[in-house]
There are 2 protein chains.
Amino acid sequence: MSDTPEQSGARSPQEPSLDEQIAAYQREFRDLDPQVEKVVSALGRLNRRMNVAYGRQVADLGISNAEWEVLKTLVLAGAPYRLGPGELAKRLGLTPAAMTHRIDRMAGEGLVTRDRDENNRVRVIVELTDEGRSKWLEAMRMATDFEEELLQDLSSEERGLLGEMLIRLLRRVEHTQPDAGGRLTDLD
Amino acid sequence: MSDTPEQSGARSPQEPSLDEQIAAYQREFRDLDPQVEKVVSALGRLNRRMNVAYGRQVADLGISNAEWEVLKTLVLAGAPYRLGPGELAKRLGLTPAAMTHRIDRMAGEGLVTRDRDENNRVRVIVELTDEGRSKWLEAMRMATDFEEELLQDLSSEERGLLGEMLIRLLRRVEHTQPDAGGRLTDLD
DNA sequence: GCATCGAACTTTAGTGTTGAAGTCTTCAGG
DNA sequence: CCTGAAGACTTCAACACTAAAGTTCGATGC
């Protein structure tokens, strides 16, 4: 159980280890299934660390995590990499208002263009620029390298099994939490 | 491959399914390992959905997800459930400035108290109130119910295996991304 | 004991987000 | 045509967070 932060001498009491945290929860909350809690806590922590890692990597390209999400969404839409602000907002889990501002910024930085649809003047078309696409490509290369490194300790069988189990959980959460158009936080 | 969102008729083009998304990435980015991408994307999506679910549940108690994080951190510290703003900020991955404001709010709502340390007037002590503790307990009950439901499709062996694999990933990410006191986003 | 340094917290300015109200375009009737 | 309604985006006000500057108390050196 290594050392408890509070008693481990001079250095600042960091975030407790997973095992410490689960032990603490069990002290405070009797009917806790440690196995369940281990999975859930590890999931949460892993995700946070990964997001921090992604953020650092794309920062080296001069873009924010938020901007990278927009680039990803446009690329996923397929050539010619166009979507309206409303559709982008829906997929990113933002309000249209926030989307307007993000597009402002990104258009200013030359990552996307924003134009009115000639056939329907009320619509706006956001399109990826070549620079935006190449930023996406660089970010994608860094992300996949990182992901490969992250999974290096797992065999191919384990990776398959892990993916399959996660998808089962995903189906379950989508089943019990129908989403209702709720704001989602980030993107994959 | 079912339908591409843009052509799927009247209903709004929702977030693509995991398989659609991975197929789209493969079209745009040749050297992508679908197995790795499946794990990573499922992780990200699962986490988002779970955070939305947690947020909805604690909202029913009249507290925000952010406030729940503070309650959890104080309880984890153990009786008498006291921490300074700086320590709280560190554990929550916030700046001290943000912590000041959160404590303002939560003290106003009666979830915590804020007092100066009598022995060291420059320090502040944030302490959980009885109301704060009972809110935490209710939230904890809802959260563990939800987590149990989430994992219901997995056998005990599978849960153990999943937890073990996630912890291996966590170790790897902590090893390659030493954190450097960086801001982490949420809490488990 | 007085001055200085450092630690712990708060305040300020700037950015990004939400929710609600507002604007502009299109479409359907009358 | 002209009006009304609906849709798509933008603007506005309020809020939460970050980074940096400011404040206050305690400790250290002389």
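Every number in this text was worked out from the coordinates using simple rules, so none of it is lab data. Because the structure is a prediction, the values reported are computed rather than measured. Glycine gets a Cβ as well: all are built from the backbone with ideal geometry, and neighbour counts include every protein chain shown.
Things worth noting here:
- Qualifying residue in the range A:37-48 (condition: under 30 Å from B:Arg168 (Cβ atoms), in contact (Cβ under 8 Å) with a residue 24 or more places away in the chain and in contact with a helix residue (DSSP H, G or I) (Cβ under 7 Å, 6 or more places away or on another chain)): yes
- Qualifying residue in the range A:98-107 (condition: at the interface with another protein chain (Cβ under 9 Å from one of its Cβ atoms) and aliphatic (A, V, I, L, M)): no
- Residue match in the range A:156-166 (condition: at negative phi and in contact (Cβ under 8 Å) with a residue 12 or more places away in the chain): no
- For the range A:105-136, a residue qualifies if it is under 22 Å from the mean Cα position of the chain (by Cα) and either of a type in the set (Gly, Ala, Ser) or exposed (fewer than 14 other Cβ atoms within 10 Å of the Cβ) (or both), and the qualifying residues are A:Gly132, A:Ser134.
- Residues located in the range B:110-138, provided they are away from DNA strand C (no atom under 16 Å from the Cβ), out of contact with any Lys or Arg (no Cβ under 8 Å at 6 or more places or on another chain) and under 17 Å from B:Asn65 (Cα atoms): B:Gly110, B:Glu131, B:Gly132, B:Arg133, B:Ser134, B:Lys135, B:Leu137, B:Glu138
- B:Pro80, sole failed condition from (1) within 14 Å of chain A (Cβ to nearest Cβ); (2) in a loop (DSSP other than H, G, I, E, B); (3) within 14 Å of DNA strand D (Cβ to nearest atom): (3)
- Positions within the range B:118-154 being polar (S, T, N, Q) and part of a helix (DSSP H, G or I), in sequence order: B:Ser134, B:Thr144
- Candidates A:Leu88, A:Leu151, A:Leu170, filtered to the one that is touching a helix residue (DSSP H, G or I) at 6+ places or on another chain (Cβ under 7 Å), within 12 Å of DNA strand D (Cβ to nearest atom) and within 14 Å of another protein chain (Cβ to nearest Cβ): A:Leu88
- Of all residue pairs spaced 6 or more apart or on separate chains, those with beta-carbon atoms under 7 Å, a first member in the range A:92-116 that is among the hydrophobic types (A, V, I, L, M, F, W, C) and a second member that is surrounded by fewer than 18 Cβ atoms within 10 Å (Cβ to Cβ) and in a helix (DSSP H, G or I) are A:Leu111/A:Glu131.
- As a summary of the residue check, A:Val75 satisfies the conditions (1) over 18 Å from B:Glu37 (Cβ atoms); (2) facing chain B (nearest Cβ under 7 Å) except for the one numbered (1).
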